[in-house]
Amino acid sequence: MKARVLVVDDEKAMVLALKGLLAKEGYQVETAGSGEAAVGAIETGDFHVVITDLSMQGIGGMEVLERARRVNPDVAVIMITAYGSEKLAVQAMKLGAADYLPKPFDNDELRVVVRKAAETAVLRREHRLLLEQVQGAFGFEQMIGRSPAMRRVFETIDKVADTDATVLVRGESGTGKELVANALHYRSPRRNKPFIKMNCAALSRELVESELFGHERGAFTGAIARREGKFEAADGGTLFLDEVGDMPLETQAKLLRAIQEKEFERVGGNVPIKVDVRLIAATNQDLEAAVRAGRFREDLYYRLRVIELVIPSLGERREDIPLLSEHFLQEAAQRFHRPARPLTDEALQACVGHHWKGNVRELRSAVEQALLLASGPAITSADLFGRSSPATGPGAAPAPAADGPLPAGLSFRDAKDRMVTAFERDFLLQALRRHGGNITKAAEEVGMYRQNFQQKMRELGIKGEE
């Protein structure tokens, strides 16, 4: 993707000459015939480089420079000066201009100056985006888990992160699909390039296509300026499409072409725009059912599902709950400047036995709230769930079963692992027995994917005859 350039001059011949020269170099060029028009374009557009004449009627080049730098600190402004205006040009440089060209200038010199300024502006923007992104911690350190299910997720990320393969991340709401996307990007060769995220469910049907591919000025009512879409913004980096199952069918067709051809047109435009983007998509929907119902394109489904990563629900990795709870407690204590309170044994058992509909997100919220509101030295089950503990209240998940008392001499971790394993085995067996051994129905009841349910059965040694 070439840089966007705004040419500003009140001499029409100069504007046309510069536009023609720069367009041949592959830049996206817009023009303004006055300082006033330039200010309007700068405030509604998104330019990498502004080339402006220093001396114009009305708003001059100095004010254009000042407005451009105020709107976008990353923009590179090049001043064109008349003979004898070198002192003003030096003053402009002190105010933030990237360079200046005295008239008459050589075309080759112009090409070099613009190329240097554009490269600097693009690097500044990418650096700023990167700094904003890494304020949050990305990678496995935010994906807590030692369970076999999570180890499989980590292993798959390691295998595919350094490729350009499209990845479809699946899992219930709150399981950490965005954290997986973060890890895939920041462990890839594209880690220093833009990482752009878009939630397909957060936009109206009318706005999804414009947000994804951008639009030309006048493409629809309210489109007062050309706008860059997410695909363009992600050029060279990664585009993460969250809740892709909610994308309208007509937009799905255009997305499929963008994936296949690596090009697209803006809404209201007819000029193909080439991009180099690695795509990661996520959904909590049953895409196979959506394909059968005609709500999701089958060809797009297979294009997105080159690599499929299924994130287990919290119910599928209950052995990770003590580890997650401790992590969230320490993190919240530091963030809220509170003393770290431990969970009582009863509270920990209640956490492990609770059905977390919101998965890790719900667990984190409950732990943070309990830390802030608990009055004692340790967090109790009542602090987490109110007076009715999920371990004993109606509709509670079965309590962990153990074959008699635990043997003496076990460490706390070993004892906890035994309790969790016993609970999981009993929980899945009860679901299977209620459905006469039908794995599909039992998996649906407990909110697990069938393949994950079968994997858990193998891990726990559950046989069909049981």
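The values are calculated or read from the model by the stated rules, or taken from the named source; none is laboratory data. A quick note: this is a predicted structure, and the numbers were derived from the prediction, not measured. All Cβ positions, even for glycine, are placed from backbone atoms using ideal geometry, and neighbour counts span all protein chains on display. The protein model used for the area step is the full one, side chains on, heavy atoms only, and it has no ligands, DNA or RNA in it. Shrake-Rupley method; radii C 1.70, N 1.55, O 1.52, S 1.80 Å.
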Output for the range 3-14, where each listed residue is farther than 12 Å from Ala68 by Cβ, of a type in the set (A, V, I, L, M) and either open to solvent by 50 Å² or more (accessible area, probe 1.4 Å) or over 30 Å from the mean Cα position of the chain (by Cα) (or both):
Val7, Ala13, Met14
Go through (1) farther than 29 Å from Asn284 by Cα; (2) modelled with pLDDT under 90; (3) buried (at least 18 other Cβ atoms within 10 Å of the Cβ) one by one and return the number of the condition Ala402 breaks.
(3)
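Name every residue in the range 157-178 that is closer than 13 Å to Pro312 by Cβ and in contact with a helix residue (DSSP H, G or I) (Cβ under 9 Å, 6 or more places away or on another chain), in order of residue number.
Residues satisfying the conditions are Val169, Arg170, Gly171, Glu172, Gly174, Thr175, Gly176.
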Members of the range 63-91 found to be over 18 Å from Leu110 (Cα atoms), within 39 Å of the chain's Cα centre (by Cα) and not acidic (Asp, Glu), listed by number
Val64, Leu65, Arg67, Ala68, Arg69, Arg70, Val71, Asn72, Pro73
Here, helices (runs of 4 or more DSSP H) confined to the range 85-163 with at least 1 residues that are at pLDDT 90 or above and open to solvent by 40 Å² or more (accessible area, probe 1.4 Å) are 107-133, 148-160
Within the range 205-227, track down each residue that is open to solvent by 50 Å² or more (accessible area, probe 1.4 Å) and in a loop (DSSP other than H, G, I, E, B).
Arg217, Gly218, Phe220, Thr221, Gly222, Ile224, Arg226
Residues being open to solvent by 30 Å² or more (accessible area, probe 1.4 Å) and closer than 24 Å to Phe220 by Cα: count how many of those fall in the range 234-266.
8
Just to be sure I understand, how many residues within the range 15-40 are assigned to a helix (DSSP H, G or I), open to solvent by 20 Å² or more (accessible area, probe 1.4 Å) and touching a residue at least 40 places away in the same chain (Cβ under 8 Å)?
1
Whichever residue in the range 182-216 is of a type in the set (A, V, I, L, M, F, W, C) and out of contact with any Ser or Thr (no Cβ under 8 Å at 6 or more places or on another chain) and, among such residues, is nearest to Glu228 (Cα to Cα)
Phe213
Looking at the range 42-58 only, could you name the residues that are open to solvent by 20 Å² or more (accessible area, probe 1.4 Å) and either at pLDDT 90 or above or assigned to a helix (DSSP H, G or I) (or both)?
Glu43, Thr44
Step by step: first the residues of the range 61-73, then only those that are modelled with pLDDT of 85 or more and out of contact with any strand residue (DSSP E or B) (no Cβ under 8 Å at 6 or more places or on another chain), then the one that is nearest to Ala117 (Cα to Cα). Which residue is that?
Asn72
Which residue pairs have Cβ atoms under 6 Å apart, sit 6 or more places apart or on different chains, and have a first residue in the range 205-224 that is touching a residue at least 40 places away in the same chain (Cβ under 8 Å) and a second that is among the small types (Gly, Ala, Ser) and crowded, with 20+ Cβ neighbours inside 10 Å?
Leu212/Gly229; Phe213/Gly229; Gly214/Gly229
